[in-house]
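The values are calculated or read from the model by the stated rules, or taken from the named source; none is laboratory data. If you're wondering where the values come from, they're calculated on a predicted model, not measured in any experiment. Every residue, glycine among them, receives a Cβ derived from its backbone with ideal geometry; neighbour counts consider all protein chains shown. These area figures cover heavy atoms from the full protein model, side chains too; ligands, DNA and RNA do not enter into them. Shrake-Rupley method; radii C 1.70, N 1.55, O 1.52, S 1.80 Å.
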Amino acid sequence: MRLSWGASAAALAASASAASLADVCTVSNVQSALPSNGTLLGINMIPSTVTASPVYNASAGMGSTETYTYCNVTVTYEHTGKGDSVVIKYAFPKPSDFKKRFYVAGGGGFSLSSDATGGLEYGAVGGATSAGYDAFNNSYDEVVLYGNGTINWDATYMFAYQALGEMTKIGKVLTKGFYGMASSAKVYTYYEGCSDGGREGMSQIQRYGEEYDGAITGAPAFRFAQQQVHHVFSAAAEQTLDYYPPPCELAKIVNATIAACDPLDGRTDGVISRTDLCKLKFNLTSIIGEEYYCAAATSTSLGFGFSKRADGSSTSTTPEQSGKVTAKGVQVAQAIYDGLHNSKGERAYLSWQVGSELSDGDTTWNNATSKWEMSIPSTGGEYVTKFIQLLDLDNLSDLDNVTYDTLVDWMNTGMVRYMDSLQTTLPDLTPFQSSGGKLLHYHGESDPSIPSASSVHYWQSVRSIMYPHLSSQESLKELADWYQFYLVPGAAHCGTNKLQPGPYPENNMQTMIDWVENDVKPSRLNATVSSGTYEGETQMLCQWPTRPLWKSNSTFQCVDDKASIESWTYSFPAFKVPVY
Ligand code: CA
């Protein structure tokens, strides 16, 4: 069946939902549905590369038990005049399942999503892209350098935002043609991702805002330079203070902090729902002298690696650890929670909320010296070697001669060099907002990898840049109409926290669909407790900047607390340019 924008397409449109998958899942239907060359400037589709194969009753998406019937499509395009080659793939639900939606899933670490089937459960077409560097098989950090000193800028821009934006633009045109919809018809377009997937989502609404109706972004790994160098900060703090705490001592400090700060939110449930109150009221020095004990162990560490290649799990043997929390140990923990400052005492970056795990500060046991020694997380180390020093190395070998000022320099170099690619903090979202886009942004409050305050700072940047002349209350109201931010009490990085049995949101897409398609604006975010005493409890999370305060063991209110909000408010005078 050969379709065009003429009569045969109209005929199919009239019976689109009655068409079978076999009717539409053909090379010729996909070819005729491609955007004509010239309509998407700079993109030349190559129709001869189209493949289309029906897939029946296959499982799809992450952890879903449902099965789906869909059309698996691949097609290649090139950038006009460039001679490159980008493979994109799409999963089109069978016509009777299609709900006029397009869905883009985020990846993680240095990877874009390679799975196009994430939208099937929502009746949405989904897509994925090779980004021109075979992103289906390569992690971007593996290709960022052609060789020492030479950055692959094409891969950098494609990973940063361009590949997903183009995949979406092409995909929306293709979707309408595939199902025989009018070219003016609406295809509701959604983005969902966490961690770098959160950053990728922010990149889309910053750069392709008019393409998206709804974006769900969790714990975005944006403000890339500061964020990645921050992963080196814990090791630098230990070196600067000349103390390498046994991991058990750091763990004791974290657990004692959780125990002390848990009740400050009004309910003793093992969760610090108010890390701000913990920061304002609790003094870590009160932990000095408490005993810690950890048995000898052989452990496999997954870490919070950012790189597909560099974060491979490692097995290590640690001896029995026992002792009392030292003043030095507390000093290290406090320095890490305080965040990086330069030698003049000017703040360069924020840090994890107090009570978050201090995984980046974990030392390693050296059998030869019988000492705990520095371990540099490859998440940060690889960023410095490859993106700052431009050396094809997977990690820094040491921090010799590295001071806090060095870290600030690295951050500044990375921010400037990748300002319009990886940094991903453009605070003017007007194209997204003015075309009706909705943004649901969330962040685990005790995230030990990407500080939750990092998200708060961006929210504040957007608010101040987009509403400079409105009063505080007016700008809050305007912003909440399309951009809502939620801290998730106790949660870790893009998931629950084994140290704090708190709630986690599971229905974000349904919330977003209701907001976009049915105009049901959320005011709270649905989350469920998945472990501990309150397992199964539903918590309607407070929309930032209100904060939860438990009134009983079953009820909390969302309160305005000026001192708390101020504790989340930062400026970064160590840099001369604004940091959004
Ligand atoms: Ca609590």
Report summary line: Note to self: with every protein chain in place and a 1.4 Å probe, the chain gives an accessible area per residue in Å² of 38
Report task. Note down the relative contact order for region 147-225 as a percent, whole number, built from C-alpha pairs under 8 angstrom at least six residues apart. Result -> 28
Report summary line: So, over other residues within a Cβ distance under 14 Å of residue 283, counting Lys, Arg +1 and Asp, Glu -1, the net charge is 0
Requested in this report: Would you kindly find the accessible area of residue 288, with a 1.4 Å probe and non-protein molecules such as ligands, DNA and RNA excluded, rounding to the nearest 10 Å²?
Outcome: 70
Report summary line: Computed over the chain, the relative contact order (Cα-Cα under 8 Å, seq sep at least six) in percent reads 13
Query raised in the report: Points 7 angstrom from Cα along the Cβ direction at residue 49 and residue 183: gap in nanometres?
Result: 2.3
Report task. Indicate, rounded to the nearest 5 percent, the antiparallel portion of the DSSP beta bridges found entirely in the chain. Result -> 70
Requested in this report: Bin width 20 Å, alpha-carbon pairs only: give the P(r) of the chain as whole percents, running from 0 to the bin holding the largest distance.
Outcome: 20, 52, 25, 3, 0
Query raised in the report: When the helices in the chain are scored as -39500 (n - 2.57) per DSSP H run of 4 or longer and the sum is shared across all residues, what 222 nm value do you end up with, to the nearest 500 deg cm²/dmol?
Result: -8500 deg cm²/dmol
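Given a 1.4 Å probe and every protein chain left where it sits, what share in percent of the accessible area of the chain is carbon and sulfur? If you can, show how the numbers build up before the last one.
Values: 10910 of 22210 Å².
C and S fraction of accessible area: 49 percent.
In what order, largest first, do 200, 121 sit by accessible area if the probe radius is 1.4 Å?
On the way: 200 0, 121 100 Å².
From most exposed to least exposed: 121, 200.
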